[in-house]
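Here is the structure we will look at.
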Amino acid sequence: MEDRQPMAPGGTGSTLRRSAEHRPALSDLLRDGPTAGPTRRGFWRSPLRGPWLTSVLGAVLLVGITVMFVTGLLSYAAYNPDLGANDKTPDRGWLGFYLFSWPTHPYWLYRLTQGVHVTLGIVLIPVLLAKLWSVVPQLFSWPPVRSAGHALERLSVLLLVGGVLFEFATGVLNIQLDYVFPGSFYPLHFYGAWVFIGAFVVHIAFRVPLTVRMLRGGGLREELRSPARAGRKDPADPTDLVTPHPAAPTMSRRGALGMVGAGSLVLLAVTAGQSIGGVLRSTALLAPRGQDPGPGPNGFQINKTATSVGIRARDVGPGWRLVVRGRGREKVLTRAQVLTMPQHTAALPIACVEGWSTEDQEWSGVRLADLAALVGFTDAAPGVFVQSAQRSGSFRSTTLRDNQVGDPRSLLALRVNGADLSPDHGYPARIIVPANPGVHNTKWVTRLTFGEQA
């Protein structure tokens, strides 16, 4: 038998013993997580949380976000991003598979789709915040990854939460502050939407069965009648949202849903008027850039003023000329000469990407098709590249499709509501096209090039 010498205190034997004692503690930490903090189920103590409440909020968002995504895609299509100067999203690739020629009928189409998109986005903010609050324990669940399927779900949640916050934040900032993020709003919001919706679809695939089960067996009517003191135990909790150590209830789930619903109704009341118009326009407190500029024939909403984009008096004064080009021909017209051409009227609104829109205004001017005929397009009007005297800012030019040019209501407008255009509304001449986004109804027009893109 081999003799062994005793180890001195603090020697190698002591080090090995400490290492052996440390290994179980580390394995426990990896298996069970920290002994305190947000990864412990008892950390989140609200008795309101549970799969039933999360399922109700999720069902509302499922419908609302689907409508928002569809109307957002329609808004993007309305910008005609396949046409020259309009394309603000390079390398879009197959993500633009659905793009189509944006119609001019009905004339209020963009006003409707963009109004729904923006208003619904604002209204859903309380629901979104409540949903994120209801599932916050899952963001800290331990272990972070249990299996390949769980890893995919966790990744989808990360992209889902990040994507929805990014989309809502950029949308609201674009409405309220004329956008403050670096880079163009259009590609960032467009790409962000596809990342978010991909994560949204994956998340739905994991969660819809549970949501359906909760809503079918959860007793919505019973839940809405239950006071806070009654409490509620979900029939099953595969989500680990129900706390094992609930705090004393201060609100029922009925009250929580009521508070979220009230918040959404308040936002609806101070937002929808910007798109609906009429007497409700004065209630649109969340549309600071969509307010009326004053009384008179030109007293309706303005996005960008002449001063803000560098329009000078000589740019739109007596020396202003309209250059019409196409098929190798060129016509140069004064405003007086444009006024001698056949004048037509069209009652059309202006609808902006920020969600606000005007009432129908009575525009008068020359049909774009008649201007195309000046340079040889007598049979069918082609698309047109429109340029402005605008010196700074975005959308100094735009491209219109042939169906837009050919619509008899599409005008180079010289007057509105019986009066000359004001400088802020585009004097001496501006584009007005049915169902066209406001920024593509170019103001201070100086050049029309038919049959060519930028």
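Scanning region 265-296 for residues that are within 20 Å of the chain's Cα centre (by Cα), surrounded by fewer than 16 Cβ atoms within 10 Å (Cβ to Cβ) and either of a type in the set (D, E, K, R) or at pLDDT below 85 (or both) yields Leu285, Pro288. The numbered conditions (1) small (Gly, Ala, Ser); (2) touching a Ser or Thr at 6+ places or on another chain (Cβ under 9 Å); (3) open to solvent by less than 50 Å² (accessible area, probe 1.4 Å) are all true for Ser308 except (3). Only one entry of Ala151, Ala205 meets the criterion of being open to solvent by 60 Å² or more (accessible area, probe 1.4 Å), among the hydrophobic types (A, V, I, L, M, F, W, C) and over 23 Å from the mean Cα position of the chain (by Cα), and that entry is Ala205.
Could you tell me how many of the residues in region 351-394 are closer than 22 Å to Val309 by Cβ and of a type in the set (A, V, I, L, M, F, W, C)? First the steps, then the outcome.
Filtering region 351-394 for residues closer than 22 Å to Val309 by Cβ gives 351-358, 361, 363, 365, 384-394.
From what's left, of a type in the set (A, V, I, L, M, F, W, C): 351-353, 356, 363, 384-386, 389.
Going through region 351-394 one residue at a time, the tally reaches 9.
Check Gly58, Gly64 and return the single one that is in a helix (DSSP H, G or I), out of contact with any Pro (no Cβ under 7 Å at 6 or more places or on another chain), open to solvent by less than 60 Å² (accessible area, probe 1.4 Å) and farther than 25 Å from Trp356 by Cα. Reasoning before the result, please.
Numbers: Gly64 fails: farther than 25 Å from Trp356 by Cα.
It is Gly58.
Restricting attention to region 82-93, the residues that are without any contact (Cβ under 8 Å) to a residue 40 or more places away in the chain and buried (at least 18 other Cβ atoms within 10 Å of the Cβ) add up to 1.
Limited to region 407-420, what total is found for residues that are surrounded by fewer than 18 Cβ atoms within 10 Å (Cβ to Cβ), in contact (Cβ under 8 Å) with a residue 12 or more places away in the chain and at negative phi? Show your work before the answer.
Kept after step one, since they are surrounded by fewer than 18 Cβ atoms within 10 Å (Cβ to Cβ), are these residues of region 407-420: 408, 417-420.
With in contact (Cβ under 8 Å) with a residue 12 or more places away in the chain added as a condition, the list becomes 408, 417-419.
Filter again for at negative phi, leaving 408, 419.
Residues that pass the stated criteria total 2.
Restricting to region 382-406, count the residues that are under 26 Å from Val316 (Cβ atoms) and open to solvent by 10 Å² or more (accessible area, probe 1.4 Å). I'd like the intermediate steps shown before the answer.
Restricting attention to region 382-406, the residues satisfying the condition of being under 26 Å from Val316 (Cβ atoms) are 383-400, 404-405.
Add one more test, that the residue is open to solvent by 10 Å² or more (accessible area, probe 1.4 Å), and what stays is 383, 385, 387-397.
Matching residues across region 382-406 total 13.
Checking the conditions here, which among Gly121, Gly72, Gly115, Gly96 is open to solvent by less than 50 Å² (accessible area, probe 1.4 Å) and over 24 Å from Ile175 (Cβ atoms)? Please lay out each step first, then the result.
Working: Gly121 fails: over 24 Å from Ile175 (Cβ atoms); Gly72 fails: over 24 Å from Ile175 (Cβ atoms); Gly115 fails: over 24 Å from Ile175 (Cβ atoms).
The match here is Gly96.
Taken over region 91-104, residues that are over 12 Å from Leu348 (Cβ atoms) and assigned to a loop (DSSP other than H, G, I, E, B) amount to 9.
Within region 311-349, being part of a loop (DSSP other than H, G, I, E, B), open to solvent by less than 50 Å² (accessible area, probe 1.4 Å) and of a type outside the set (Phe, Trp, Tyr) holds for Ile311, Gly317, Thr334, Met341, Pro349.
Among the residues of region 381-403, is there at least one that is in a loop (DSSP other than H, G, I, E, B), modelled with pLDDT under 95, more than 28 Å from the chain's Cα centre (by Cα) and more than 21 Å from Arg321 (Cα to Cα)? Yes, some residue in region 381-403 is in a loop (DSSP other than H, G, I, E, B), modelled with pLDDT under 95, more than 28 Å from the chain's Cα centre (by Cα) and more than 21 Å from Arg321 (Cα to Cα).
When only residues in region 137-148 that are touching a residue at least 12 places away in the same chain (Cβ under 8 Å) and loosely packed, with under 15 Cβ neighbours inside 10 Å count, which is nearest to Ala256 (Cα to Cα)?
Pass one, region 137-148, residues touching a residue at least 12 places away in the same chain (Cβ under 8 Å): 137-143.
Restricting the remaining residues to those that are loosely packed, with under 15 Cβ neighbours inside 10 Å gives 139, 143.
Values: Leu139: 21, Pro143: 30 Å.
Ranking the qualifying residues of region 137-148, first place goes to Leu139.
The values are calculated or read from the model by the stated rules, or taken from the named source; none is laboratory data. Predicted, not measured: the structure shown is a model, and the values here were computed from it. All Cβ positions, even for glycine, are placed from backbone atoms using ideal geometry, and neighbour counts span all protein chains on display. We work out accessible area using only protein heavy atoms, side chains counted, and drop any ligands, DNA or RNA first. Shrake-Rupley method; radii C 1.70, N 1.55, O 1.52, S 1.80 Å.
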